[in-house]
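Asker: The structure's right below; bear with me while I get my questions together.
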Amino acid sequence: MKQWSRREFLRLSAIVAAAGGFSTVSGCVSAPGATLGGAEPEFPVNFLHGVASGDPLHDRVVLWTRVTPAGPLAQVQMLLEVATDAAFRNLVVAANCVAHADQDYCAKVDAAGLSAGQSYFYRFRAGSVSSPVGQTRTLPQGALTAARFAVVSCSNYPAGYFHVYQQLAERSDLDAVIHLGDYLYEYAADGYATERAAEFGRLYAPDNRCELLTLQDYRRRYACYRADAALAQLHGRHPFLLVWDDHEIANDTWTGGAENHSPGEGDFQARKLAALQAYYEWLPIRPQVQQGEPLYRSLAYGDLVQLYLLDTRVCARSQWLDFPQFQRDGKLDVAAMIKAVQDPARTLLGPAQLDWLSQGLSQSACHWQVLAQQVLMARMELPGEALAALGKPGAELLPQLQQLADLKAQPLAKLTAAEQQRLQGVLPYNLDAWDGFPAEREHLYQRLQQSGRQVLVLAGDTHNAWHSELKNAAGEPVATELATASVSSPGIEEYLKLDGAQAAQLAHLLPQLIDELAWCELSRRGYLLVEFSHQECRAQWHQIASVHSATAQWLAPHQLVIPKR
């Protein structure tokens, strides 16, 4: 496994520390003679990408904006104002900040000196021009009766409309939005899920229709996404808690490369650092480079929810495995695949992050322990015959899966030897998820069990919605996993060429074939809402009829209640 080199770590540290002109301010500037905001900029400016907030703590929150000047300026002086009221009569922060050209005119400020559990309004001003007004809130302290989060993942701009973001922007009952990654996609304008982009009016700008490779490429793609009205409204309405997945860099990223990176595209580490620099510049995330950990962190919502934001993609992930790597003369070499997958050196989290998580679980005073991470943790294992069927897209696979489900529903003793053979030899269908790292998953499960805490796992990545009850290798319950559908990226129904009714049939069959899977939805985009109390966690999967229509039609949510034990 390729680890961060000292040179790479120091470079990333410098990038993160400087990204977005990050600075800390606290309290009102009211000294006699103090000048706030500065003079009018030499060129007219505008706030085309709105404002955003994120990573709240008990006494502070990261506030973000980007200014767009009409001419070349080395920097733009601004005034940040934070108040307890929308009219900004009761200011609690009024301080200068700067957007620098070499940071893409992004500015991030850690607004400190705030009160715990308090809602605030904020805005940036450059001369006489003001940004939109944003709303945010700090972390609550002490006893808390409820906490509510929206969980989102996988927003592909050309694939359809961001109706998910629009509805969440219209909600007033969220403590935060948890974004599990694939905030954007790095593909070229003719790449993944772009076929109808012109029809939707969601084409990339002419200077950003290439695959993203350079810092300028990534910056321009963020500019495109952040100009989307629904996403801009959502960022201005609620604080975000962000972690990355692979497409913020390139498809199937691991520490030393990616599936979507070839030698002809230059040095991968340079591409990765450019992508991460743009990520830190454009998103309201507090730099986390401490002891070699660039992203993962933890937040406590009162005494109710301890939220662990994990990195399963960049800091320690081993190189991906895939079935074609184990094809021998047209057949799958199952023994070779199992040996490679079960290699104990394969890792997603890495030992440092796993130790950090274990320590957090043992020390947390919160009732609920929530792991917010990217890929499915559940054992999504199917009989080999079922995997072969899924490898041949089309409705013809459904009768075969139904036969297998019917066989599995019968007592084993009633099956013939041939029927039993059809159900044997289960294999994981997605080696890019935790199923490709079973040894480390068992280590994680041991830590979760040792903590004695009730754990909820959140996941994204797959573009479909899932509920699974996680068990260790001995079959003992470990945690519950809830996975959100995508914001707009197409799901398994498109890969398998199934219509809505056929996808619903598959969603009915898979829980019968996969032991840990309790429910899934395989044809709709949407988001996951999780609400915590001392008695239960209430989950709702909100689903939209289509992201291809300019008008949103929301369906009745699927609901699940998890009692507190």
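Asker: Hey, does region 465-477 have a residue that's touching a Gly at 6+ places or on another chain (Cβ under 9 Å) and at pLDDT 95 or above?
Answerer: Yes, region 465-477 contains a residue that is touching a Gly at 6+ places or on another chain (Cβ under 9 Å) and at pLDDT 95 or above.
Asker: I'd like to check something: does region 157-166 contain any residue that is at pLDDT 95 or above, among the polar types (S, T, N, Q), more than 17 Å from the chain's Cα centre (by Cα) and within 22 Å of Ala193 (Cβ to Cβ)?
Answerer: yes
Asker: Can you tell me which of Arg317, Arg313 is touching an Asp or Glu at 6+ places or on another chain (Cβ under 7 Å), closer than 24 Å to Glu381 by Cβ and surrounded by 21 or more Cβ atoms within 10 Å (Cβ to Cβ)?
Answerer: Just one listed residue meets the conditions, Arg313.
Asker: Still on this structure, I have one more. Any residue at all in region 453-474 that's outside any loop (DSSP other than H, G, I, E, B) and free of Cβ contacts under 8 Å to residues at least 40 places away in the same chain?
Answerer: No, that holds for no residue.
Asker: Take the conditions touching a helix residue (DSSP H, G or I) at 6+ places or on another chain (Cβ under 8 Å) and assigned to a loop (DSSP other than H, G, I, E, B) and apply them to Ser488. Does it pass?
Answerer: Taking the combined requirement at face value, the residue satisfies it.
Asker: Now a separate question. Show the residue pairs meeting these rules: Cβ distance below 7 Å; 6+ apart or different chains; first residue within region 93-109 and touching a residue at least 40 places away in the same chain (Cβ under 8 Å); second residue part of a strand (DSSP E or B) and hydroxyl-bearing (Ser, Thr, Tyr).
Answerer: Partner pairs satisfying both residue conditions: Cys97/Ser23; Ala107/Thr65; Val109/Ser23.
Asker: Can you tell me which condition Leu184 does not meet? The list is (1) of a type outside the set (D, E, K, R); (2) out of contact with any helix residue (DSSP H, G or I) (no Cβ under 7 Å at 6 or more places or on another chain); (3) crowded, with 16+ Cβ neighbours inside 10 Å, and all the others hold.
Answerer: Looking at each condition in turn, Leu184 falls short on (2).
Asker: Restrict the check to region 365-388 and report whether at least one residue is more than 27 Å from Ala300 (Cβ to Cβ) and loosely packed, with under 12 Cβ neighbours inside 10 Å.
Answerer: Scanning region 365-388 turns up no residue that is more than 27 Å from Ala300 (Cβ to Cβ) and loosely packed, with under 12 Cβ neighbours inside 10 Å.
Asker: Would you call Glu248 outside any strand (DSSP E or B) and within 22 Å of Ala433 (Cβ to Cβ)?
Answerer: So Glu248 passes the test.
Asker: Look at region 405-414 and say how many of its residues are surrounded by 10 or more Cβ atoms within 10 Å (Cβ to Cβ) and either over 13 Å from Pro383 (Cβ atoms) or at pLDDT below 95 (or both).
Answerer: 2
Asker: When only residues in region 200-228 that are farther than 30 Å from Gly266 by Cα and touching a residue at least 12 places away in the same chain (Cβ under 8 Å) count, which is surrounded by the fewest Cβ atoms within 10 Å (Cβ to Cβ)?
Answerer: Looking at residues that are farther than 30 Å from Gly266 by Cα and touching a residue at least 12 places away in the same chain (Cβ under 8 Å), I get Phe200.
Asker: Quick check on Leu444: is it part of a strand (DSSP E or B), closer than 25 Å to Met337 by Cβ and either of a type in the set (Asp, Glu) or at pLDDT 95 or above (or both)?
Answerer: no
Asker: In this structure, is Val129 out of contact with any Lys or Arg (no Cβ under 7 Å at 6 or more places or on another chain) and surrounded by fewer than 19 Cβ atoms within 10 Å (Cβ to Cβ)?
Answerer: Answer is yes for this residue.
Asker: Which residues, taken from region 62-82, are among the aliphatic types (A, V, I, L, M), assigned to a strand (DSSP E or B) and out of contact with any Asp or Glu (no Cβ under 7 Å at 6 or more places or on another chain)?
Answerer: Leu63, Val76, Met78, Leu79, Leu80, Val82
Asker: Next question. Could you please tell me which pairs satisfy a Cβ distance under 7 Å, a separation of 6+ or placement on different chains, a first residue in region 237-251 that is under 12 Å from Arg137 (Cα atoms), and a second residue that is outside any loop (DSSP other than H, G, I, E, B) and of a type in the set (Ser, Thr, Tyr)?
Answerer: Pro239/Ser53; Pro239/Thr136
Asker: Among the numbered conditions (1) in contact (Cβ under 8 Å) with a residue 60 or more places away in the chain; (2) under 24 Å from Asn430 (Cβ atoms); (3) part of a loop (DSSP other than H, G, I, E, B), tell me where Gln512 comes up short.
Answerer: Every listed condition holds for Gln512 apart from (3).
Here's the yes/no breakdown for (1) modelled with pLDDT under 95; (2) outside the structural domain of Ala439 (by TED's automatic domain parsing); (3) within 22 Å of Ala483 (Cβ to Cβ):
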position	(1), (2), (3)
Leu307	no, yes, yes
Arg317	no, yes, yes
Asp333	yes, no, no
Ser362	no, no, no
Leu371	no, no, yes
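The values are calculated or read from the model by the stated rules, or taken from the named source; none is laboratory data. Model, not experiment: these values are computed from the prediction. Cβ atoms come from the backbone with ideal geometry, glycine included; neighbour counts cover every protein chain shown.
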